[in-house]
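Asker: Please find one structure pasted underneath; my questions will follow.
The numbers here are math on the coordinates, done by the rules we state, and not lab data. The structure presented is a predicted model; accordingly, all values stated were derived computationally and were not measured. Methodologically, a virtual Cβ is constructed for each residue, glycine included, from the backbone with ideal geometry; neighbour enumeration extends over all protein chains shown.
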Amino acid sequence: MPAKNDPTDLIKRVRRGDHVAASRALSIVVNDAPASEVLAKEFFKASGLAQKVGVSGPPGAGKSTLTGRLIGHYRSQKLKVGVLMVDPSSSISGGAFLGDRLRVMEHATDDGVFIRSLASRGMIGGLTHAIFGAIHVLEALGCDKILIETVGTGQDEVEIASVADTVLYVTTPAMGDEIQAMKAGAMEIGDIFVVNKADLAGKDKAVADLKAALGLGHSAGQALKAWEPPVLAASAKNKEGILELAKELDGHWKHLRASGEGRARLKRQHATELQFWIQRRVIKSALERVNDNILEELLSHKTDPASIGRKLLKNG
Ligand SMILES: Nc1nc2c(ncn2[C@@H]2O[C@H](COP(=O)(O)OP(=O)(O)OP(=O)(O)O)[C@@H](O)[C@H]2O)c(=O)[nH]1
Ligand SMILES: [Mg+2]
């Protein structure tokens, strides 16, 4: 029997759809453990096959509940679903966010659903690196849809756009008056907008405000090829609007593949992944060579941080 972390065996098992193997492979890749590059190299071969949906929006908008409903919908279509719950603010290693976990937990024992939480550990480019690594494992595992939940805190919204194919932005009627103040970033990156909690008062106004803010209604004569971000109302709690939402998500995936925009986005994703790989490597290797001698030289003013820094980068 092969050792439990034997890369060749792990790769085979992941490709066969083995969740235990995927879980182990994911830890290795995310933590940059030995063998991570061997695994990552193989898993990358499946990149671009699954639709990666970024589910973003303000805290408490219902992203996890909605994600749970989408899982249910995809499973009814016999699709395999991967879910990544990303918490940029958490520093708990391998952290599971209990609430989020619970909301998608009904699917946790379904072998067509693979769920994993990712927490930032304060590494430089750590989270983005981890997300890409995790995505490639899920792609190799054979997922058709990959849902990535992130909390929208401005910067991360932009980040999710460089990782996902489709960005689903979730708001609520309570945000109706805040639409004007909504971060420009969110408006620009959203491919599909959902006013969740439509069971609460004010959903029509929220949808109308959002549409107005997006400048829709003025684009009737625009190029047919361009994607107009739809604004939907849904109640994740009452399972309303889920089918319509899934339809729009499929529509966007078709649009991406038919228009060439999908290829352009994938290219951007690879560029970002490469950028973070290089950054991590260069920084790590330079930092590793900072030793006490260097610090002593700084103390005695034999050198200065810029000069020594430049030298360390050059010899990297
Ligand atoms: N009334 C109503 N409540 C909802 C709906 N969807 C979610 N909720 C509730 O809103 C709260 C937050 O839901 P979550 O799914 O955890 O929201 P989230 O956006 O994932 O939250 P964070 O991950 O903490 O940012 C929970 O108490 C849900 O039960 C809905 O459609 N209607
Ligand atoms: Mg959540």
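Asker: Could I have the simple spin-label model distance between Arg263 and Ala226, label points 7 Å from Cα toward Cβ, reported in nm to one decimal?
Answerer: 2.2 nm
Asker: Points 7 angstrom from Cα along the Cβ direction at Gln77 and Leu243: gap in nanometres?
Answerer: The answer from the label model is 1.3 nm.
Asker: Can you give the translational diffusion coefficient of the stretch 275-314 in µm²/s, computed by Stokes-Einstein from the Kirkwood radius over Cα pairs at 37 °C and 0.692 mPa s?
Answerer: 306 µm²/s
Asker: Same structure, new question: If R0 is 25 Å, what FRET efficiency do you get for Asn31 and Asn291 from their C-beta distance, rounded to 0.05?
Answerer: Efficiency, from the Cβ-Cβ distance: 0.50.
Asker: Hey, another quick one. Subtract the Cα-Cα distance of His19 and His255 from 0.36 nm times their separation in residues, and report this length gain in nm to one decimal.
Answerer: The span from His19 to His255 would gain 81.9 nm if fully extended.
Asker: Which peptide among 54-63, 294-303, 234-243 comes first, and what is the full order, when sorted by highest mean count of other Cβ atoms within 10 Å?
Answerer: 54-63, 234-243, 294-303
Asker: Moving to a separate point now. Say R0 is 30 Å: what FRET efficiency, to the nearest 0.05, do Arg281 and Thr8 get from their beta-carbon distance? Don't jump to the answer; show the numbers that get you there.
Answerer: On the way: r = 25 Å, r/R0 = 0.82.
Efficiency for this residue pair is about 0.75.
Asker: Report the normalised scattering of the stretch 1-50 as log10 I(q)/I(0) at q = 0.23, 0.27, 0.32 Å⁻¹, calculated by the Debye formula with identical scatterers on the alpha carbons.
Answerer: Relative scattering, expressed as log10 I(q)/I(0), comes to -0.81, -1.10, -1.40.
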